[in-house]
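Enquirer: Before we start, here is the structure in question, set down as structure tokens.
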Amino acid sequence: MKLASLKGGRDGHLVVVSKDLTRYIDVAAVAPTMQAALDDWDRLSPALVAIAAGLERGEGDVLPFEPHQCAAPLPRAYQWLDGSAYVNHVALVRKARGAEMPASFWTDPLMYQGGSDVMLGACDSIPLGDEAWGIDLEAEVVVILGDVPMGASREEAAQAIKLIMLVNDVSLRNLIAAELAKGFGFVQSKAASAFTPVAATPDELGAAFDGAKVKLPLLSFINGQPFGRPVAGDDMTFDFPTLIAHAAKTRALSAGTILGAGTVSNRDADGGPGKPIAAGGLGYACIAELRTVETLQQGKPVTPFLKFGDRIRIEMRDAEGHSIFGAIDQDVVKYARR
């Protein structure tokens with residue numbers, strides 16, 4: 001089943017969306033919001049699944065689905081955790097600045113707790129104050145969790161995955177170094193994140209999701225030009241159950257926690273850094289990685305970060321070419337306080 005939150009109020013209005021992303025049915029009688037559904041998932045999800053099945057048969061009060069009407073599936077979340085499961089990405093970035101890669105990075109996941117009070121809808125603009133901040137996209141796969149007990153086993157962690165979606169984890173690269181140098185993590189250098197219109201239950205991905213990894217290309221475009229198509233299941237050092245169990249080592253996680261695997265990053269076929277799509281490679285999921293490769297190969301970065309007016313599209317398609325979650329399709333704009 002596929003779920004979305006239409007704009008309205010702080011927490012949106014839950015609807016069930018058809019598999020082809022063209023129609024929806026209001027499910028307020030079952031759960032008014034996505035968080036309400038997650039809070040009582042075992043009891044409520046069967047009713048939502050039944051409505052989704054009826055929608056495919058043309059039953060119910062069906063309305064046309066428009067992604068621009070969507071808030072983020074969780075417009076505000078109790079928790080947003082983002083890992084760095086693709087250690088290739090971390091290794092490249094550190095190599096470019098001459099920093100050694102600690103051996104522990106290959107065995108102990110990196111993870112930070114991001115701001116979760118304001119999430120952007122898939123078609124919302126990205127409002128920022130200054131291009132000099134180094135505006136970058138980060139295309140990632142994320143999961144929404146049910147309740148996870150402290151000290152969860154791998155099996156418990158896997159069972160906690162209720163929904164899957166994509167995120168543009170907007171990063172402000174020119175603010176990161178100074179902020180991390182303080183030794184206290186990201187705050188200003190991570191802008192509000194944007195999510196796909198739809199979150200899907202794992203079964204919607206079929207064989208492409210094995211309970212641990214999503215084995216499909218993650219597509220990104222900048223101003224209509226293909227930028228990246230790395231395969232999300234490849235070169236993923238830490239899979240989702242591993243990340244979830246890591247997050248729950250010392251505390252429980254509440255239903256509605258969003259957990260990301262970090263910027264998808266693939267090595268080239270020869271084992272070296274990935275190549276741009278124009279050079280026959282799979283491209284990248286963020287500009288920073290392309291700039292890192294340029295630095296390693298040419299001595300300096302060439303590709304600029306995003307500017308006001310630039311447009312980003314992030315999407316994932318199934319084996320038949322159908323969009324699974326709908327697309328994040330947004331522009332970067334100068335913030336103007338109202």
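Enquirer: Which pairs do you get when a residue that is outside any loop (DSSP other than H, G, I, E, B), found in segment 265-285, comes within reach of a residue that is surrounded by fewer than 18 Cβ atoms within 10 Å (Cβ to Cβ), reach meaning Cβ atoms under 6 angstrom, with the pair 6+ apart or on two chains?
Expert: That search, which allows pairs on different chains as well, returns ILE277/PRO226; GLY283/PRO276; GLY283/ILE277.
Enquirer: Only residues that are open to solvent by 40 Å² or more (accessible area, probe 1.4 Å) and among the aromatic types (Phe, Trp, Tyr): list them for segment 279-327, please.
Expert: The one that is open to solvent by 40 Å² or more (accessible area, probe 1.4 Å) and among the aromatic types (Phe, Trp, Tyr): PHE308.
Enquirer: Something else now. Considering only residues that are surrounded by fewer than 19 Cβ atoms within 10 Å (Cβ to Cβ), more than 22 Å from the chain's Cα centre (by Cα) and among the small types (Gly, Ala, Ser), which ones fall in segment 19-66?
Expert: The answer is ALA28, ALA29, ALA47, ALA50, ALA53, GLY54, GLY58, GLY60.
Enquirer: Sticking with this one: Which count do you get for residues in segment 15-34 that are of a type outside the set (Val, Ile, Thr) and either under 13 Å from PHE65 (Cβ atoms) or out of contact with any strand residue (DSSP E or B) (no Cβ under 9 Å at 6 or more places or on another chain) (or both)? Before you say what the answer is, go through the steps one by one.
Expert: At the first step, the residues of segment 15-34 found to be of a type outside the set (Val, Ile, Thr) are 18-21, 23-24, 26, 28-29, 31-32, 34.
So of that shortlist, the ones also either under 13 Å from PHE65 (Cβ atoms) or out of contact with any strand residue (DSSP E or B) (no Cβ under 9 Å at 6 or more places or on another chain) (or both) come out as 18-21, 23-24, 26, 29.
Qualifying residue count for the region: 8.
Enquirer: Scan segment 211-241 residue by residue and report those that are more than 23 Å from TYR284 (Cβ to Cβ) and either of a type in the set (Lys, Arg) or surrounded by 19 or more Cβ atoms within 10 Å (Cβ to Cβ) (or both).
Expert: PRO241
Enquirer: Considering only segment 87-99, state which residues are out of contact with any Leu (no Cβ under 7 Å at 6 or more places or on another chain), more than 21 Å from GLY185 (Cβ to Cβ) and open to solvent by 40 Å² or more (accessible area, probe 1.4 Å).
Expert: Once the filter is applied, which keeps residues that are out of contact with any Leu (no Cβ under 7 Å at 6 or more places or on another chain), more than 21 Å from GLY185 (Cβ to Cβ) and open to solvent by 40 Å² or more (accessible area, probe 1.4 Å), segment 87-99 yields only GLY98.
Enquirer: So which of ILE164, ILE176 is crowded, with 18+ Cβ neighbours inside 10 Å and modelled with pLDDT under 95?
Expert: After applying the criteria, what remains is ILE176.
Enquirer: Is it the case, given these coordinates, that ALA288 is aliphatic (A, V, I, L, M) and in a helix (DSSP H, G or I)?
Expert: It is true that ALA288 is aliphatic (A, V, I, L, M) and in a helix (DSSP H, G or I).
The values are calculated or read from the model by the stated rules, or taken from the named source; none is laboratory data. Predicted model only: the values in this text are computed from it and were never measured. Note: ideal-geometry Cβ built from the backbone for every residue, glycine included; neighbour counts use all protein chains shown. SASA here: full protein model, heavy atoms, side chains in, ligands and nucleic acids out. Shrake-Rupley method; radii C 1.70, N 1.55, O 1.52, S 1.80 Å.
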